[in-house]
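Student: Once you've had a glance at the structure underneath, I'll fire off some questions.
The values are calculated or read from the model by the stated rules, or taken from the named source; none is laboratory data. Only a predicted model underlies this, so the values are computations on that prediction, with no experimental measurement involved. A quick note on method: Cβ atoms are made from the backbone with ideal geometry, for glycine too, and the neighbour counts reach across all protein chains shown.
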Amino acid sequence: MKLSIPDMSCGHCKATVEKTIRAVEEGATVSVDLASREAEVTTGAAPEAILAALAAEGYPARVIG
Ligand SMILES: [Cu+2]
């Protein structure tokens, strides 16, 4: 799925987002595009769980694809 994460603005944010998603599911793959503030995520976890974890870390996200 593709996520829009508007508050993700630098390498530190990118690292936090990747770590947060992998904390929900260890095997998740995360590919961040900082320029567009989007991330492509492949995971067996429920999207709601990913979104809740990101919001808790200060990166509210929405599914865009
Ligand atoms: Cu940052």
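Student: Six or more apart or on different chains, Cβ under 7 Å: which pairs go from a residue in the range 2-15 that's among the polar types (S, T, N, Q) to one that's loosely packed, with under 15 Cβ neighbours inside 10 Å? Could you list them?
Tutor: Pairs that qualify, where the first residue is among the polar types (S, T, N, Q) and the partner is loosely packed, with under 15 Cβ neighbours inside 10 Å, are Ser4/Arg62; Ser4/Ile64.
Student: Shifting gears a bit: State all residues of the range 28-39 that are in contact (Cβ under 8 Å) with a residue 12 or more places away in the chain and within 16 Å of the ligand (Cβ to nearest atom); if no residue qualifies, say none.
Tutor: Looking only at the range 28-39, we keep the residues that are in contact (Cβ under 8 Å) with a residue 12 or more places away in the chain, and these are 28-30, 32, 34, 37-39.
Val30, Val32, Leu34, Arg37, Glu38, Ala39 - these are the residues of the range 28-39 that are in contact (Cβ under 8 Å) with a residue 12 or more places away in the chain and within 16 Å of the ligand (Cβ to nearest atom).
Student: Restricting to the range 16-36, give me the number of residues that are among the hydrophobic types (A, V, I, L, M, F, W, C) and touching a strand residue (DSSP E or B) at 6+ places or on another chain (Cβ under 9 Å). Reasoning before the result, please.
Tutor: Residues of the range 16-36 among the hydrophobic types (A, V, I, L, M, F, W, C): 17, 21, 23-24, 28, 30, 32, 34-35.
Next, only the ones that are touching a strand residue (DSSP E or B) at 6+ places or on another chain (Cβ under 9 Å) stay: 17, 21, 28, 30, 32.
Within the range 16-36, residues that are among the hydrophobic types (A, V, I, L, M, F, W, C) and touching a strand residue (DSSP E or B) at 6+ places or on another chain (Cβ under 9 Å) number 5.
Conditions tested, residue by residue: (1) modelled with pLDDT under 95; (2) surrounded by 12 or more Cβ atoms within 10 Å (Cβ to Cβ); (3) out of contact with any helix residue (DSSP H, G or I) (no Cβ under 8 Å at 6 or more places or on another chain).
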site: Gly11; (1), (2), (3): no, no, yes
site: Lys14; (1), (2), (3): no, yes, yes
site: Glu18; (1), (2), (3): no, yes, yes
site: Val24; (1), (2), (3): no, yes, no
site: Val30; (1), (2), (3): no, yes, no
site: Glu40; (1), (2), (3): no, yes, yes
site: Ala45; (1), (2), (3): no, yes, no
site: Glu48; (1), (2), (3): no, no, yes
site: Gly65; (1), (2), (3): yes, no, yes
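Here is a yes/no grid of residues against (1) in a loop (DSSP other than H, G, I, E, B); (2) more than 11 Å from the ligand (Cβ to nearest atom):
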position	(1), (2)
Leu3	no, yes
Asp7	yes, no
Cys13	no, no
Val17	no, no
Glu26	yes, yes
Val41	no, yes
Ala49	no, yes
